[in-house]
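Undergrad: Below you will find the structure I want to go over with you.
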Amino acid sequence: MTNGKPRSTYRHGDLRRALIDAGIELAREGGPDAIVLREATRRAGVVPNAAYRHFESRQELLSAVRSAAMSFVA
């Protein structure tokens with residue numbers, strides 16, 4: 001039984017990709033310093049701890065975002 005309202009939380013099989021996409025958005029808005037795990041999880045619609053299942057640190061997310069951005073350029 002559904003209530004017809006769209007979910008406001010993240011429900012997809014690829015949270016890692018959603019966090020990287022959120023990181024790319026953050027970088028576009030404010031550069032590398034704007035890439036923050038808490039904000040990426042908020043944009044993906046999950047609790048902050050969920051990010052740590054995919055990235056041990058902000059630095060790991062930053063690295064993944066950097067790799068994804070470089071693949072767009074190449």
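Undergrad: If only one of V73, V65 is exposed (fewer than 11 other Cβ atoms within 10 Å of the Cβ), over 18 Å from G13 (Cα atoms) and not charged (D, E, K, R), which one is it?
TA: The conditions single out V73.
To keep it simple, each residue is scored yes or no on (1) at pLDDT 95 or above; (2) assigned to a helix (DSSP H, G or I); (3) touching a Cys at 6+ places or on another chain (Cβ under 6 Å).
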| position | (1), (2), (3) |
| --- | --- |
| S8 | no, no, no |
| Y52 | no, yes, no |
| E56 | no, no, no |
| A64 | yes, yes, no |
| A69 | no, yes, no |
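Undergrad: In addition: Enumerate the pairs (first residue in region 26-51 and within 16 Å of D14 (Cα to Cα); second residue anywhere and outside any helix (DSSP H, G or I) and aromatic (F, W, Y)) with beta-carbon separation below 6 Å, excluding pairs fewer than 6 apart on the same chain, so at least 6 apart or on different chains.
TA: Going by the 6 Å Cβ cut-off, the qualifying pairs are A44/Y10; G45/Y10; V46/Y10.
Undergrad: Before we move on, is A34 at pLDDT 95 or above and hydrophobic (A, V, I, L, M, F, W, C)?
TA: Against the criterion (at pLDDT 95 or above and hydrophobic (A, V, I, L, M, F, W, C)), A34 qualifies.
Undergrad: For region 26-42, how many residues meet the condition of being in a helix (DSSP H, G or I) and surrounded by fewer than 16 Cβ atoms within 10 Å (Cβ to Cβ)?
TA: Going through region 26-42 one residue at a time, the tally reaches 8.
The values are calculated or read from the model by the stated rules, or taken from the named source; none is laboratory data. Worth saying up front: this structure is predicted, and the values here are computed from it rather than measured. With ideal geometry, Cβ positions are generated from the backbone for all residues, glycine too; neighbour counts draw on all protein chains shown.
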